[in-house]
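> Structure incoming, see below.
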Amino acid sequence: GRSSMNASAHVALGKATFRYSGKSSNAIHSVDLDIHEGEFVLLTGRSGCGKTTVARLINGLIPHFYEGELEGTAKVGGTETREMGIGDIGKMVGSVFQDPRSQFFMTDTTSEVAFGCVNAGLPRNDVAQRVESAFRRMNIQRLRDRSVFELSSGEMQLVAIASCYAMGPSVYVFDEPSANLDMGAVETLRKTLSELKREGKTVIVLEHRLFYLSDLIDRMIVIEDGTVSHVYDAASALSLDDATLAHMGLRSLQLKSALSAIPDHEPTLSKREKAVFEINNLTVSYGSQHSTRSGGSTPRDPRTIGPLSFSARLGEVIGIIGENGAGKTTLSRLCCGLEKEDRGTVSVDGRPLSPKERLGRIRLVMQDPDYQLFSDSVLGELSLGGRRDADVCERALRRLGLWDIREAHPATLSRGQKQRLTIACALVDETSTYFFDEPTSGLDRENMERVSSAIRSLAQSGSVVFAVSHDPEFLLSTCNRILHLSGGLIVDDFALGGPTRERLLSSLWKGDAQWNAHTDA
């Protein structure tokens, strides 16, 4: 307990039950939660279990924004949230969503951090002090006066946290904050969360990726089918074995145990197979010459990727790793013909292909599934163009847990379901080379394992698969080789089995001292 109890930092749900308008069943039922000042609580559970609904009750989006039937109580600082204005709740509870872009209102970072304070009608001097303090405390002075459009996912996340911090809330709610971040950015996020905890803030994190929180949590609360199923203190949570976690659909709290639980996946094809996919001295320059920062125009070097050379054989699943901005997505787009190289060649079966010839021959599944969905039903998405066999479509949808929603409109799906749908579309394609860009960002354990097994079987049936990813558990369970990109060059290329697994994790973690804390079993 703390000597100075700050009532506004106390969060309590009593027998909370909520059903969204137009839905036939409750999203959550009889949820009891009592979160004290200064507590760091992890809320976890399978996708669709009701975590986000609980978060919306805490930050007042239910009932002030999402309509439906609410029973029971939701209190922050001892007051019912339905009796408070959304602006008053916002002063007490800061929220950071999975995609920070969805909560940005301004075009430059400094105005963005000031936005909430200005909106709350605070005096000008006070706003300036709060903004200054937020940039300093979050250690992101380098991000002042930047265009929000030129930030990486990790930088956007930090600006969103700073915007909350400037408002001075006593409670923070984070909804899957690590979903789109590389390991370096996850480490920065961890330090930021640690700072909030040290300041005595109440922190509630909804997450599927658990390992980076293992040394911060006071309690782990598991939600299953809309209700609280388990509550663990930190020591009990950390002592759960992998089988117990798997049974609850949860990922590992320690990467060391994830490491030992994963079998080796050797390509079934012989080493003598000749390369079917090859790139030779591939080079491209990209990025704007100028970027606008708060009115001025600053020249920026266009970034160069390459020269890159590597080859791949049938049956290989090759993970492409590297920090945000290393050139991983650009490399994928180049190989698939969506970008044009300056020099070098991309060859399939020994024949160099122009970007135009590569389009369609080499399949890219993008990180943002909305760009790749066109039909009015899930099943229709797979049979677009009418060239696909009904049995093949059914098998792909069943494999990814989507068969039961085959009649649903793609626009009504959750992000994770959309992601799995774009992967199902790729499964029914008859092509030899695939690139997947972040196929598991924001997926729970069960769906990550579904995607992993689908990708492995794609390779085993005679394709080459590349997967750009920051997700160590996915990479470990899926790939048999790793390409490490840094500054547009390949700095490492190794087979991923037994002893080289540690090499993957230390490459991802960039050898930070924190690495040991996260992997000590």
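> Grab the other residues whose beta carbon is less than 9 angstrom from that of Gln367, score K and R as +1, D and E as -1, and report the net.
-3
> Then there is this: Could you give me the ³J(HN,Hα) list for the range 416-433, computed from phi with Karplus coefficients 6.51, -1.76, 1.60 and θ = phi - 60°, whole Hz, x at Gly and Pro?
Working through the residues one at a time gives x, 5, 4, 4, 5, 5, 5, 6, 4, 4, 5, 4, 8, 7, 9, 9, 9, 9 Hz.
> Give me the one-decimal nm value for the distance between modelled label points at Asp233 and Phe65, 7 Å along each residue's Cα-to-Cβ direction.
About 3.6 nm, to one decimal.
> Need the list of lysines near Lys340 for cross-linking: C-alpha distance under 16 angstrom, and skip anything on the same chain fewer than eight residues off.
Lys340 reaches Lys328, Lys356.
> Now a separate question. Quick one, which of [x] 141; [y] 193; [z] 155 is the actual volume of the Cα convex hull per residue in Å³ calculated for this model?
[z]
> Please report the accessible area of Thr329 (heavy atoms, 1.4 Å probe, ligands and nucleic acids excluded) in Å², nearest 10.
60
> Antiparallel versus total DSSP beta bridges in the chain: what percent is that, nearest 5?
Bridges in the chain that DSSP calls antiparallel: roughly 55 percent.
> Now for a separate question. What are the ³J(HN,Hα) couplings of the range 74-81, residue after residue, when phi is run through the Karplus curve with 6.51, -1.76, 1.60 and θ = phi - 60°? Round to Hz, x for glycine and proline.
9, 10, 10, x, x, 10, 4, 5
> When the helix-only estimate is applied to the chain (DSSP H runs of n ≥ 4, each -39,500 (n - 2.57), divided by the residue count), what is the mean residue ellipticity at 222 nm, nearest 500 deg cm²/dmol?
-9500 deg cm²/dmol, from helical runs alone.
> Using a 1.4 angstrom probe with every protein chain in place, what is the largest-first accessible-area order of Glu381, Glu199, Glu430?
Result of the area sort, largest leading: Glu430, Glu199, Glu381.
> Turning to a different aspect of this structure: Mind checking which lysines have their Cα closer than 28 Å to the Cα of Lys75? Skip sequence neighbours fewer than 8 apart in that chain.
Of all the lysines, those that pass the test against Lys75 - Cα under 28 Å, at least 8 places apart if same chain - are Lys15, Lys23, Lys51, Lys91, Lys197, Lys201.
> Could you tell me the accessible area of Lys15 in Å² (1.4 Å probe, neighbours in place), rounded to the nearest ten?
120
> Rounded, prolate or oblate, given the Cα gyration tensor of the range 356-422, with a/c below 1.5 counting as rounded?
Oblate shape, in that a/c is at least 1.5 and b/c is the bigger or equal ratio.
> Ok, one more. Roughly how tilted is helix 390-399, in degrees to the nearest 10 and between 0 and 90, from the longest Cα axis of the chain?
Compared with the principal axis, the helix lies near 50 degrees.
> If you don't mind, there's one more thing I want to ask. Explain nothing, just the number: relative contact order of the chain, from Cα pairs under 8 Å at least 6 residues apart, as a whole percent.
15
The values are calculated or read from the model by the stated rules, or taken from the named source; none is laboratory data. As the structure is a computational prediction, the values presented were derived from the model and not from experiment. Because the Cβ atoms are built from the backbone with ideal geometry, glycine has one as well, and the counts that use them run over all protein chains shown. Surface areas here come from the heavy atoms of the whole protein model, side chains and all, with no ligands, DNA or RNA. Shrake-Rupley method; radii C 1.70, N 1.55, O 1.52, S 1.80 Å.
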